[in-house]
1. Scan (1) open to solvent by 50 Å² or more (accessible area, probe 1.4 Å); (2) outside any loop (DSSP other than H, G, I, E, B); (3) hydrophobic (A, V, I, L, M, F, W, C) for the single condition VAL543 breaks and write down its number.
2. Anything in the range 62-80 that is open to solvent by 10 Å² or more (accessible area, probe 1.4 Å) and closer than 19 Å to ILE411 by Cα? List them, or say none.
3. From the set of residues in the range 299-319 that are outside any loop (DSSP other than H, G, I, E, B) and open to solvent by 30 Å² or more (accessible area, probe 1.4 Å), which is nearest to GLN280 (Cα to Cα)?
4. Among (1) open to solvent by 20 Å² or more (accessible area, probe 1.4 Å); (2) in contact with a helix residue (DSSP H, G or I) (Cβ under 7 Å, 6 or more places away or on another chain), there is one condition ILE202 misses while meeting the rest; what is its number?
5. Condition test on ILE892, is it of a type in the set (Val, Ile, Thr), modelled with pLDDT under 95 and either outside any strand (DSSP E or B) or surrounded by fewer than 18 Cβ atoms within 10 Å (Cβ to Cβ) (or both)?
6. Go through the range 379-393 and give me each residue that's under 21 Å from ASP793 (Cβ atoms), part of a helix (DSSP H, G or I) and within 22 Å of the chain's Cα centre (by Cα).
7. Out of GLU595, GLU539, report the one residue that is closer than 26 Å to SER798 by Cα and either charged (D, E, K, R) or touching a residue at least 12 places away in the same chain (Cβ under 8 Å) (or both).
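The values are calculated or read from the model by the stated rules, or taken from the named source; none is laboratory data. Note that the structure is a prediction, hence the values are computed from the model and not measured. For neighbour counting, all protein chains shown are included, and Cβ atoms are generated from backbone atoms with ideal geometry for every residue, glycine included. Keep in mind that these areas ignore ligands, DNA and RNA; they rest on the heavy atoms of the full protein, side chains included. Shrake-Rupley method; radii C 1.70, N 1.55, O 1.52, S 1.80 Å.
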Amino acid sequence: MMKFRFRRQGTDPQREKIKQELFAFNKTVEHGFPHQPSALAFDPKLQLMAIGTKSGAIKVYGVPGVEFTGLHKDTTAVTQIHFLPGQGRLLSLLDDNTIHLWELVAGAPREVGGENATRVTVLHLLRSCDLLCIGTEGGGVYFLELPLLSLKDGDTLLQDQVVQSLPDDYRCGKSLGPVESIQEHPQQPGKILIGYSRGLVILWAPSTRQAEQLFLGKQQLESLVWERSGNLFVSSHNDGGYCVWTVTSGNGCSAQPSTTIPYGPFPCKAINKILWRTTQTGSPVLLYSGGMPRASYGDRHCLTVQQDKTHVTLDFTSRVIDFFTVHNIEQEKEFDEASALVVLLEEELVVIDLQTPGWPTLPTPYLAPLHSSAITCSFHISSVPPKLWERLVNAGKAQQGHQQTHRTWPICGGKNLAPPSKQHELLLTGHEDGTVRFWDASGVALTPIYKLSTANVFHTDCDPCDDPPDPSDDPDMQQEEEWPPFRKVGCFDPYSDDPRLGIQKISLCKYSNKLVVAGTAGQVIVLGLNEERSDHSVEVSVVDLLQDREGFTWKGHDRLEPRLKPAPFPPGFQPQALVQCLPPASVTAVALHAEWNLISFGTSHGFGLFDYHKRNAVLARCTLHPNDSLAMEGPLSRVKSLKKSLRQSFRRIRKSRVSGKKRTITTPTSKVQEANAALAEQEDVAPVQRRIEPRSADDSLSGVVRCLCFADTFLRDGTHHGPTLWAGTNSGSVYAYALEVPGVGSGRASERGGAGDGSACVEALLGKEIQLMHRAPVVSICVLDGRGKPLPDPYEASQDLAIAPDMTNAHSVLIASEEQLKVFSLPKVSAKTKFKLTAHEGCRVRKVAVVLFLSTAQEDYSEHTLVCLTNLGDLHLFNVPGLRPQVRYSCIRKEDISGIASCVFTKNGQGFYLISPSEYERFSLSAKVLTAPLCSVQLDRNISTPKHRFRLNSSLFDVTRVVIFACYGYGKIGTPKQLRCGT
């Protein structure tokens, strides 16, 4: 007799068609700031910006919503990027000494190759876009014709040719060093300045192959820049100084003029890059990075902006990668008139308005640093009501205040073809420094809206009263001006004032504007939205989760001390109540039911229930096991009440353990054990499932509360429904409490707080206690109505915002553990169906959500589906409540533990997960709901794809291959077919 019966049904064509209309997996867009940027470029004609990264990615940005992404096949750092202005093409130089040509127009990718013996140090594209100048480490300059990519052998300038024309006293037998900079003459096309590391600069005319002028610098060169008229140029050096050189007609040699060291006379760091921009007022704008006094400010990351007597040193918190200005490029214009400065830093992008007095910072509509403080949690809200959206936007504008400028975003190329979103979406991120940031996630550009700080609720190590006095308040201090004139710029701040402020859980009710924020030190804050500034104190309630335990020693951090005096709170979300859990352990779960004015919170020690309207704790339940050694430091007291509840329940659990072998359970003590035993004895196990070995009840940290859930359902009997609270723990225990909420009952929910029930309080009574047989951690709990659909959110049914739940038929509860999914009927808690997700690979469920999928073919058809993310990075979809597998997708690499842990699902079939500390990958499981770039770029002229191959002489320079990329469709640069070198 066969032990397993394989009951495989044939494929239903109709069901397969429905699944295609409902489900489709796509990775759509990457939100946030590129991780480890290494190169920057700007196309002044198309108004596009490109950023290259150390992982070989190239991202092109224009007006918000216009994004193109490409990735080199080899994971090699991009060291330089150069646009071919107006053509929709760009060149990239990689750290492995390869040059790549990218296109943003349709075409077929091609690859050509060659070999050489020296390294490329600088690329410069002439304005005609038909010639690429390549400077090398050996001091040679080579010229490459575009777009045919053919080398002009006769125009190559080797270092020996330059040395022969130098005066004898300048040669000194020294090498000129690598080529550091190449710049084309602004008024005489084709003529180029070539700067060598030793300090020599030559004005070279490729047409006549002659050096028209020699500039004999004596200090190591860092960069060069032309003045717009071409009558002078500026060089920056490694001693922290710069020189202004005059260009004369005719051949000759010019000695190095006097050097200006802005932050001297003491030794300074090198000025890495310098720009000179002319203005109509007469005084040019000088911009340069570096140059700080080495001893006192050598660790600062600075960029200086000077114009006449106005001098500002922009002080950043991360390294300056590159920068450029947005200015006039038309030849008929007499002045540059720079309008904006764009600075790419290692951790953020900063844009400075150069036309507004004071040079304020422009807010970024995208590329905002998500990781300004490390992200610790996230929460998504779809279909945000317009009123809430407007109030959040206004609160965000009030925060920016004086930083507001009237300038538009300067990187405005391309056209966003995506239709405007029909509804607003919010992504909330919790951070290590105690802030919650609100992001507009409605489209491709993830735009910051509002920032909430919880630090002013507590006394921390860095209170405002402890800050140094303001110099404006002390006349004596005003007399001494700070030098250099630093100005803190940017919002990236990786350091937290107090690690206890870290946000762990967030919950927001979009209809009542109630927000719950829980943190690392057991703090749970209830906040309400207020459009006016307010000064008030926050009422504190302490909930001791171990009030019946003796001999407990907490060796963790101390709890945060709340402020007792009124504190100022700006417009936006303001704290109304504060709950502090004891011991002050990190909050692991939180639930909010704004219609009942209740919040529930869980830690590694237990869970509690709090009525924030009455400001009183309703329930405090300890979930610790006696052998939770990591959480307990002393013996438990044998209290009689605990003997009758928790301790006896654990003894019953140990008696009813089920191993992989078939055996009889002698004395089941409840309907739950009978149901679990019946499921354990089933012989029909699908081939994709396997038996799960039970875990020990003595596992450490078994008391950690993993999930909490409010529901209006049947718990006591099948005729009366009411408010309930469900809690799941790390040991597979589920606690269900029946709640007595004044004014709520028999399916009728009303606003509490009236005169009639002013003295009544919420009560909680334990109704059911479920123990999963295999003790796998409970990941999610969801109550389903009589139609098998999840219950609506608070206020949705009572305010006719959603279809009322079915209260005539029996309800059920879906409990998802790390190893399997189970559906129990209510109120008897009898098992209906289950699915063992644990496979031979040892996968575990990490994230669970019930998602509504809309059909692309039928407007009125939709399905609720259970989405599970496993520790292998796979997404499994099951129908509800039957738990039949639908589709499976590979989403995240199984090695990406942080990506899996950070994943958050939306209610409409999308999701987000961190692919780096600063970037979210957005994906969609829905065939209908998709948020992806849809954009175009209008080129200056028709560009054809190059069809010629070229091969470099092996004795010239070490370019191992040159690849031509093309863009397939909108928003994505196609990956080329890689060919072997020499084929």
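1. The failed condition is (1).
2. If we filter the range 62-80 for residues that are open to solvent by 10 Å² or more (accessible area, probe 1.4 Å), which is where we start, we get 63-64, 67, 69, 71, 73-77, 79-80.
VAL63, PRO64, GLU67, THR69, listed by residue number.
3. If we filter the range 299-319 for residues that are outside any loop (DSSP other than H, G, I, E, B), which is where we start, we get 301-307, 310-316.
Then keep just the ones that are open to solvent by 30 Å² or more (accessible area, probe 1.4 Å); that gives 301, 306-307, 310-311.
Working: HIS301: 30, GLN306: 15, GLN307: 12, THR310: 16, HIS311: 18 Å.
Looking at the filtered set, the residue picked out is GLN307.
4. It fails just one condition, (1).
5. Working: of a type in the set (Val, Ile, Thr): yes; modelled with pLDDT under 95: no; either outside any strand (DSSP E or B) or surrounded by fewer than 18 Cβ atoms within 10 Å (Cβ to Cβ) (or both): yes.
Judged against the criteria, ILE892 is not a match.
6. Within the range 379-393, TRP389, LEU392 meet the criteria.
7. Working: GLU539 fails: closer than 26 Å to SER798 by Cα.
Of the residues listed, the single one that is closer than 26 Å to SER798 by Cα and either charged (D, E, K, R) or touching a residue at least 12 places away in the same chain (Cβ under 8 Å) (or both) is GLU595.
This table checks each residue for (1) under 30 Å from ASP169 (Cα atoms); (2) over 32 Å from the mean Cα position of the chain (by Cα).
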| residue | (1), (2) |
| --- | --- |
| TYR242 | yes, yes |
| TRP245 | yes, yes |
| ALA270 | yes, yes |
| GLN280 | no, yes |
| GLY290 | no, no |
